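Peer 1: This is the structure I want to talk about, given as structure tokens.
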Amino acid sequence: MDVGELLNYQPDRGAKRPRDEDSREESRSKQKTAGRDTGRVLVRSEPDSEEQTGDGEKILERLMDQDGEDPEGEPVDESTVKKMILTFEKRSYKNQELRIKFPDNPEKFMEAELDLNDIIQEMHVIATIPELYHLLVELNAVHSLLGLLSHDNTDILSITNHQRSYFIAVVDLLQELTDIDTLHESEEGAEVLIDALLEGQVVALMVQNMERLDETVKEEADGVYNTLAVIENMAEFRPGLCTEAAQQGLMQWLLKRIKAKMPFDANKLYCSEILAILLQNNDKTRELLGEMDGIDVLLQQLSVFKRHNPATAEEQEMMENLFDALCSCLMHPANRDRFLRGEGLQLMNLMLREKKVSRVSALKVLDYGVIGPEGSDNCHKFVDILGLRTIFPLFMKTPKKMKKVGVSDKEHEEHVCSIIASMLRNLKGQQRSRLLSKFTENDCEKVDRLMELHFKYLEAVQLADKRIEGEKHDMVRRGEIIDDAMDDEFYLRRLDAGLFSQCKSFLMDKITCCPQKFEEFKESEQKRIMELLENF
């Protein structure tokens, strides 16, 4: 065994809670462990190679002894965790004391830095016993860990070139402690830990430190990734913290990172995912993003895909995350005006015409942009930019490519009909006349298409009603009560089966109530519609 093998030797860490680890995490774990052990041995030995070789057997013997005495190989109980936390507190205090005493002499506190890093790594075992998380709070370990996030030294000092920051070490630990599966193993312990982290403004501290990291260095890029994982875990366990996290600088950092001129990587993908999570069902974060000119940032990033398809599946996932974020933002009325001023309608119209993968999501964004009274200006603008030439071909026939990207005919038809219904509600004057005249073209073929869709989804609703009535009958026979919640569920199932038929009915009402200039068209189409209904 040569010196390199000795330095990279790792004792058995003992059994941990089973988890599915991807290759990225395995690689990162090996690198940080090897880097830590290598740095520690090099610090404690002189650079003379002969002395290193001579001490090789002693190093191996010591490592073998540690393997046999490794406390992590033994059952971990409350007493073990308490000892571990107290050791961490002592080393943290010692490190702080030496840094204050010798601020200009790193060699004096190098050993303390390495000792502290080692105990942080050992504390990963606590993630296997979430029911003891309360000890981290009671013994002040959470406060101390958060204190290390604002540590003066960004790097754990080592003679090697591997930069290991306290921030990265602490975030690695927090990522394991807040693993969503682990949190659900002990709700009580998880609540105590999350409360303590939020009380210490963990998000603000992590955002400040992400600003200091250089993502061109792999270890620091991994640190950013794990930081986002911590935030995602906490947001999934407690969705209410999204507003607080966004206000503590996370929203601003995400927008800055997304628009940064850097090659596409896993961190940019993760940022898009976290952004979409923050905006989900949260009007406050939607308003905040609008105030930060986030609509423009999203449109700029999506404009890349108007003429080019994503190069990889991961890039396509990022694109869809950004579209989802944009749709969420447009549910806030004030953002629809920002979308209009940012020329979002023109971009969506171009995407629909270019027939790239982005067309599917562009149609959904357009639907969100024109819906409701607040979408009136967008409806008028869409007609002005010749959007009717784009939307009606999609109304007449569902493109085959839609199926290839996982979008059903039903979903496509829902968005198209919803857009047309919104325009019929909101358009006035000349723009409304231009829309209505579309239904008179080619012997009123669009009305025929409308009736075709109406019958298609009317039949689907009728089948759903039969199933629902059967279920209600069975529930009454069993003596079960059909409460309001169950009625709501049945109603949603009816909407899901034939939601579009309501749009079609609204469209037909509007068309048959045309102005006087369409009187002849109205009478002929009323007669045709009645004949179709009778035959059906």
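Peer 1: Let me check against my output: what whole-number percent is the relative contact order of the range 343-440, with C-alpha pairs under 8 Å and at least 6 apart?
Peer 2: 32
Peer 1: Between D104 and R434, what is the label-point separation in nm under the 7 Å Cα-to-beta-carbon projection?
Peer 2: 7.4
Peer 1: Provide the net charge surrounding L197, with neighbours chosen by a C-beta distance below 12 Å and charges set as Lys +1, Arg +1, Asp -1, Glu -1.
Peer 2: Counting the neighbours of L197, the net charge comes to -3.
Peer 1: Let me ask something additional. With every protein chain in place, what's the accessible area of K438 (1.4 Å probe, Å², nearest 10)?
Peer 2: 40
Peer 1: Right, another one. What is the ratio of the Cα radius of gyration of the range 343-440 to 2.2 N^0.38 Å, with N the residue count, to two decimals?
Peer 2: So the Cα radius of gyration is 1.01 times the expected 2.2 N^0.38 Å.
Peer 1: Rounded to whole Å, give me the distance from the Cα center of the range 212-271 to that of the range 406-447.
Peer 2: The distance from the Cα centre of the range 212-271 to that of the range 406-447 comes to 41 Å.
Peer 1: Please give me the summed charge of the neighbours of E236: other residues whose Cβ is under 12 Å from its Cβ, Lys and Arg +1, Asp and Glu -1.
Peer 2: -3
Peer 1: While we're on this one: Just give me a number: lysine pairs in the range 268-387, eight or more positions apart or cross-chain, with C-alpha atoms less than 19 Å apart. If you can, show how the numbers build up before the last one.
Peer 2: Working: K306/K355; K306/K356; K306/K364; K355/K364; K356/K364; K364/K381.
Close lysine pairs found across the range 268-387: 6.
Peer 1: What's the FRET efficiency of I385 with K472 using the Cβ-Cβ distance as r and R₀ = 45 Å, to the nearest 0.05?
Peer 2: Efficiency for this residue pair is about 0.40.
Peer 1: Using only the heavy atoms of the protein chains and a 1.4 Å probe, how would H380, H473 rank by accessible area, largest first?
Peer 2: Ranking H380, H473 by accessible area, largest first, yields H473, H380.
Peer 1: Can you tell me the order of 83-93, 413-423 when each peptide is scored by its average per-residue count of other Cβ atoms within 10 angstrom, highest first?
Peer 2: 413-423, 83-93
Peer 1: If each residue of separation counts as 0.36 nm, what is the full-extension length gain between A334 and L198 once their alpha-carbon separation is subtracted?
Peer 2: 45.9 nm
Peer 1: Need one number: nm distance between label points at I119 and I180, each 7 Å from Cα along Cα→Cβ, rounded to one decimal.
Peer 2: 3.4
Peer 1: Right, here's the next one. State the Cα centre-to-centre distance between the range 461-481 and the range 283-327 in whole Å.
Peer 2: Here the answer is 43 Å between Cα centres.
Peer 1: How far, in nm, would the chain grow between K94 and H143 when pulled straight, counting 0.36 nm per residue and subtracting the alpha carbon separation? It would help to have the intermediate numbers written out before the result.
Peer 2: On the way: separation 49, 0.36 × 49 = 17.64 nm, distance 1.61 nm.
Fully extending the segment from K94 to H143 adds 16.0 nm.
Peer 1: Would you please give the FRET efficiency between C444 and F264, computed as 1/(1 + (r/R0)^6) with r the Cβ-Cβ distance and R0 = 45 Å, to the nearest 0.05? Show your work: numbers first, answer last.
Peer 2: On the way: r = 48 Å, r/R0 = 1.07.
Given R0 = 45 Å and the Cβ-Cβ separation, E is 0.40.
Peer 1: For E287 and T87, compute 0.36 nm times the residue count separating them, minus their Cα-Cα distance, and round to one decimal in nm.
Peer 2: 67.4 nm
Peer 1: Where in the range 204-232 is the amide nitrogen less than 19 Å from a point lying 7 Å along the Cα-to-Cβ axis of S150?
Peer 2: 204-213
Peer 1: Each label point is 7 Å from the Cα along the Cα-to-Cβ direction; what then is the distance between the points at E411 and R425, in nm?
Peer 2: Using points 7 Å along Cα→Cβ, the separation is 2.3 nm.
Peer 1: Let me ask something additional. What is the list of residues in the range 186-221 whose amide nitrogen lies under 17 Å from a point 7 angstrom out from the Cα of E131, following Cα to Cβ?
Peer 2: Taking a point 7 Å out along Cα→Cβ of E131, the residues of the range 186-221 whose backbone N falls under 17 Å are 186-193.
The values are calculated or read from the model by the stated rules, or taken from the named source; none is laboratory data. Predicted, not measured: the structure shown is a model, and the values here were computed from it. Please note: Cβ atoms are built from the backbone with ideal geometry, for glycine as well, and neighbour counts cover all protein chains shown. Calculation scope for accessible area: heavy atoms of the full protein, side chains included, ligands and nucleic acids excluded. Shrake-Rupley method; radii C 1.70, N 1.55, O 1.52, S 1.80 Å.
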